[in-house]
Amino acid sequence: MSGLSLYVDQGTYLNKLHPYTKLLYVFAAILIPLIGGGGILFPVTIGCSVILLILGKTLKRSFPLIAFSFTLIIVIFLVQGMFYYGNETPLFSLGFLAFYREGVLYALRIGLNILNMLLSFAVFVLNTSPQELVEELEKNGFSPKFGYVINSVFQIVPQMMKTKDTIVDAQRSRGMETEGSLMTRIRAFMPLISPVVMSALINTRERAIALEVRGFGRKNKKTFINDRQKLKGDTVIRIILVLLTAGVVIRRVYSCL
Amino acid sequence: MGNLFKTKLNAATIVLIPACIGINYLGKLFASLLKLPLWLDCIGTCVGACLGGPVIGGICGAINNIIYGLTTGDNITLIYALTSFGIGIAVGITARLGFMETLPKSLVCALAGGLAAVIISTPLNVMFWGGTTGNVWGDAVFAITQANGMPVLLGSFIDEVLVDVPDKLLTIIITFLILKGLPEKIKALYDVDAKVERLD
């Protein structure tokens, strides 16, 4: 069941913090350098996220999350470095490929922004249980029906992944080719996906009946199974984050006047 | 026309949403397993849109990206929730208008979904990636347009069209075949005009 979620309960302080506080951190970390005009602020927020990841003992697990973005950042560097519309000053050249200062700076800015967003979000995702987040949202009036939708995805997807393995094995044992030319691979797609999809859709009927029987559609107020303990740190951290963001906004507005 | 957006929010449609999101995951997984140069990550959204209507399609798309963001830590997909939402709505509307009845007609659906994706994604691509989409073929084209001095927005638009429209075309064809194979018993669950006859 936890196969899909990246969260692992390690009992750290970050695990215990209220999900909203961590969410607020994500917003602050993304907005501060964007509003503050980048420059030195990107390394500051990136550094903050890395420190938090280390404190939460999640630095190692955050690498795969960020790794995929490197290919994208490299592509951006290549494309913008060579072809950015403002390119004027040549910076260096590799054989016949010429890179320009403006494009590289622009790519650097985008790259830092991506890295910053991913790292701050990793702090949130690796330390927050989705179930806890949904439950807190429901306590604040989020529709329990949609809460159910989100929670049940975390159960259904691993289940479907298991069915998928069975089907791939079954079709291969019947001699279906899953490698070769593009046409062969496209043709293999349908026999692979349709059995899983069919069974998933047919299962929805039984699931709907099961839910209906348990009073899912009732409109009366529902109670919650978990009671969370209040942490003093939550309020303090939230106030600091809001003040920092507000400070950057005020500075920006002030510099525009 | 009032029927176009009519949605039943009962237990059946609520359980349809997670199933569709699961299908989206599977599509993406199989596409990468077979090393196809397409995403095929919105088959579920299209199935949801055709069965439950535009509203359910839109919700499927949006929640799909939110959960994808939560489970892979990739918060950039969160912004593309807007795109998925648009695809769900567009496909849902065209399906309600009767364009999912035959395979040739369903191409209109594919076009609507593809265009919705292109129109919403292009500004996002320009804002966050400087115009690239992350798909090798599309980005090669983008590099060519930039080398020839075309505006970023136009280059990115062409990049998106080349990647998204064929992707949605195949997605809709697969959706069509899936829906055709679905038993009537299941489809009846989502019929908005169905009436419950009471015997008391």
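Calculate the spin-label point distance for residue A:60 paired with residue A:142, positioning each point 7 Å from the Cα along the beta-carbon direction, and give it in nanometres.
Once both label points are built, they end up 3.0 nm from each other.
Can you tell me the relative contact order of segment B:72-200? Whole percent, Cα pairs under 8 Å, sequence separation 6 or more.
Taking the mean separation of contacting Cα pairs over the length of segment B:72-200, I get 24 percent.
Add -39500 (n - 2.57) for each DSSP H run of 4 or more in chain B, then divide by its residues: what number comes out at 222 nm, to the nearest 500 deg cm²/dmol?
The per-residue figure over chain B is -23500 deg cm²/dmol.
Order A:64-74, A:219-229, A:247-257, B:12-22 from most to least packed using the mean count of other Cβ atoms within 10 Å. Let's see the in-between values first.
Numbers: A:64-74: 14.6, A:219-229: 7.0, A:247-257: 10.7, B:12-22: 27.0.
Top to bottom by mean Cβ count within 10 Å: B:12-22, A:64-74, A:247-257, A:219-229.
Within chain B, what is the longest stretch that has no trypsin sites (Lys or Arg not before Pro) placed in a DSSP loop and near at most 10 other beta-carbon atoms within 10 Å? Please report the intermediate quantities before stating the final value.
Values: sites that count: B:35, B:195, B:198.
Here the longest run is B:36-194.
Compute the angle between helix B:54-72 and the longest alpha-carbon principal axis of chain B, please, reported from 0 to 90 degrees and rounded to the nearest 10.
60 degrees
What's the local net charge at residue A:36, with K and R +1, D and E -1, over the other residues with C-beta under 15 Å away?
Details: positive: A:109, A:251, A:252; negative: none.
So the surrounding residues net to +3.
Roughly how crowded by other chains is peptide B:41-48, in terms of the mean Cβ count from those chains within 10 Å of each of its Cβ atoms? Kindly include the intermediate steps, with their values, before the conclusion.
Details: counts 0, 0, 3, 3, 0, 0, 3, 0.
Taking all residues of B:41-48 together, the mean is 1.
For chain A, what is the largest minus smallest coordinate of the Cα atoms on each principal axis, given in angstrom and ordered from greatest to least?
Principal axes ranked by extent give 65, 59, 34 Å for the Cα atoms.
Show me, for segment A:40-54, the HN-Hα J-couplings you get by feeding each phi into the Karplus relation (A = 6.51, B = -1.76, C = 1.60, θ = phi - 60°), rounded to Hz, glycine and proline as x.
6, 6, 4, x, 5, 5, 4, x, 4, 4, 5, 4, 5, 5, 5
Answer with one residue from A:170, A:152, A:183: the one whose Cα lies farthest towards the positive end of the charge dipole of segment A:135-213, charges on Cβ with Lys, Arg +1 and Asp, Glu -1.
Checking the options against the dipole of segment A:135-213, the answer is A:183.
Might you report the magnitude of the Cβ-based charge dipole of chain A about its Cα centre, with Lys and Arg at +1 and Asp and Glu at -1, to the nearest 20 debye?
Its charge dipole is roughly 720 debye.
So how far, in whole Å, is the C-alpha centre of segment B:139-159 from the one of segment A:203-233?
Answer, in whole Å: 49.
What is the sum of charges, Lys and Arg at +1 and Asp and Glu at -1, for the other residues whose Cβ falls under 13 Å from the Cβ of residue B:191? Walk me through the numbers on the way to the answer.
Working: positive: B:6, B:8, B:96, B:185, B:187, B:195; negative: B:184, B:193.
Every neighbour counted, the sum reads +4.
Let a ≥ b ≥ c be the square roots of the eigenvalues of the Cα gyration tensor of segment A:135-213; is it rounded (a/c under 1.5), or, if not, prolate (a/b larger than b/c) or oblate?
On the way: a/c = 3.56, a/b = 2.47, b/c = 1.44.
It comes out prolate by the Cα gyration axes.
Mind checking the full-extension length gain between residue A:257 and residue A:210? Use 0.36 nm per residue of separation minus the Cα-Cα distance, one decimal, nm.
10.8 nm
With +1 on each Lys and Arg Cβ and -1 on each Asp and Glu Cβ, and nothing else charged, work out how big the dipole of the protein assembly as shown is about its Cα centre, in Debye to the nearest 20. Intermediate values should be presented prior to the final figure.
Values: 40 positive and 28 negative charges, 234 e Å.
Taking the Cα centre of the protein assembly as shown as origin, the dipole is about 1120 debye.
Which percent of the Cα-Cα distances in the protein assembly as shown go past 29 Å? Mind showing how you got there, number by number?
Details: 56499 of 104196 pairs.
Taking all Cα-Cα pairs of the protein assembly as shown, the fraction more than 29 Å apart is 54 percent.
Report the local net charge at residue B:160: Lys and Arg +1, Asp and Glu -1, summed over other residues whose C-beta lies under 13 Å from its C-beta.
-3
Treating cross-link reach as a plain straight distance, find the lysines whose alpha-carbon is under 24 Å from the alpha-carbon of residue B:6, omitting any fewer than eight places away in the same chain.
A:145, A:219, B:105, B:180, B:185, B:187, B:195
Which whole number gives the average count of other chain Cβ atoms within 10 Å of the Cβ atoms across peptide A:150-160? Can you show the working numbers first?
Values: counts 7, 1, 7, 15, 4, 2, 9, 11, 2, 1, 8.
What the average comes to for A:150-160 is 6.
Rounding to the nearest 20 debye, state how big the charge dipole of segment B:104-200 is about its Cα centre with +1 on each Lys and Arg Cβ and -1 on each Asp and Glu Cβ.
Details: 7 positive and 10 negative charges, 48 e Å.
It comes to approximately 240 debye.
Taking beta carbons within 10 Å but only from partner chains, what does the mean come to for residues B:62-68? The partial results should precede the final answer.
Numbers: counts 0, 4, 1, 0, 2, 8, 1.
Counting other chains' Cβ atoms within 10 Å and averaging over B:62-68 gives 2.
Could you pull out the trypsin sites (Lys or Arg not before Pro) across segment A:145-216 that fall in loop regions by DSSP (anything but H, G, I, E, B) with no more than 10 other Cβ atoms inside 10 Å? Kindly include the intermediate steps, with their values, before the conclusion.
On the way: sites: A:145, A:162, A:164, A:172, A:174, A:185, A:187, A:205, A:207, A:214; in loops: A:174, A:214.
When the trypsin sites (Lys or Arg not before Pro) of segment A:145-216 are filtered for loop state and at most 10 Cβ neighbours within 10 Å, A:174, A:214 remain.
Read-outs: derived from the displayed coordinates by stated rules, not from any lab. Given the structure is predicted, the values throughout are model-derived calculations rather than measurements. Methodologically, a virtual Cβ is constructed for each residue, glycine included, from the backbone with ideal geometry; neighbour enumeration extends over all protein chains shown.
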